[in-house]
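Structure, as structure tokens:
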Amino acid sequence: MIDPNECIEFIWENVTLFAKAKGELAQLEAFKSSLKALKMQQSTQTSIAAKEMDAYASDEYQTHCKGIGEATENVELLKWKLECAKMRWETWRTEQANARQVDKMLK
């Protein structure tokens, strides 16, 4: 049986984690362009295209992109856990409404 209080408690306990994860993802996304520019500045190549290639190939840039992937995974995991808790609560609510209707019909 679904306990609506557990669903609500789960959401309450995890919204902070979700917000933090979203903030970290936003920070990583925002810094991506800056990191590329910094890496292009450090490149000894003369053309913009070659500097850009060096930036994309750098270990720091690749590590940063991996971090974005991990942060995105964390955000999505938390988002869907929260959605599932909401769905469980809605299911409970619907079951309760249906039970009330059945009770009315039987009286």
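The values are calculated or read from the model by the stated rules, or taken from the named source; none is laboratory data. It should be emphasised that the depicted structure is a prediction, and the values quoted were computed from it without experimental measurement. As a convention, Cβ positions derive from the backbone with ideal geometry for all residues, glycine included, and neighbour counts pool all protein chains shown.
From the list THR63, THR16, which residue is among the hydroxyl-bearing types (Ser, Thr, Tyr) and at pLDDT 95 or above? Walk me through it before giving the result.
Values: THR16 fails: at pLDDT 95 or above.
Being among the hydroxyl-bearing types (Ser, Thr, Tyr) and at pLDDT 95 or above holds for just one of THR63, THR16, which is THR63.
How about segment 59-93: which of its residues are of a type in the set (S, T, N, Q) and under 25 Å from GLY23 (Cβ atoms)? If you could, list the steps in order and put the result at the bottom.
Let us first name the residues in segment 59-93 that are of a type in the set (S, T, N, Q), namely 62-63, 72, 74, 91.
If the condition is that a residue be of a type in the set (S, T, N, Q) and under 25 Å from GLY23 (Cβ atoms), then GLN62, THR63, THR72, ASN74 are the ones that fit.
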### Task
From (1) in a helix (DSSP H, G or I); (2) free of Cβ contacts under 8 Å to residues at least 24 places away in the same chain; (3) surrounded by fewer than 16 Cβ atoms within 10 Å (Cβ to Cβ), pick out the condition that doesn't hold for LYS81.
(2)
### Test result for THR16, outside any helix (DSSP H, G or I) and either farther than 30 Å from ALA99 by Cα or touching a Leu at 6+ places or on another chain (Cβ under 9 Å) (or both)
no
### Message
Restricting to segment 4-33, name every residue that is closer than 13 Å to LEU82 by Cβ, surrounded by 15 or more Cβ atoms within 10 Å (Cβ to Cβ) and charged (D, E, K, R).
### Response
LYS22
### Message
Can you list residue pairs whose Cβ atoms sit under 7 Å apart, with the first residue in segment 3-25 being at negative phi and in contact (Cβ under 8 Å) with a residue 12 or more places away in the chain and the second being among the polar types (S, T, N, Q) and surrounded by 14 or more Cβ atoms within 10 Å (Cβ to Cβ)? Count only pairs 6 or more apart in sequence or on different chains.
### Response
ALA21/ASN74; LEU25/THR72
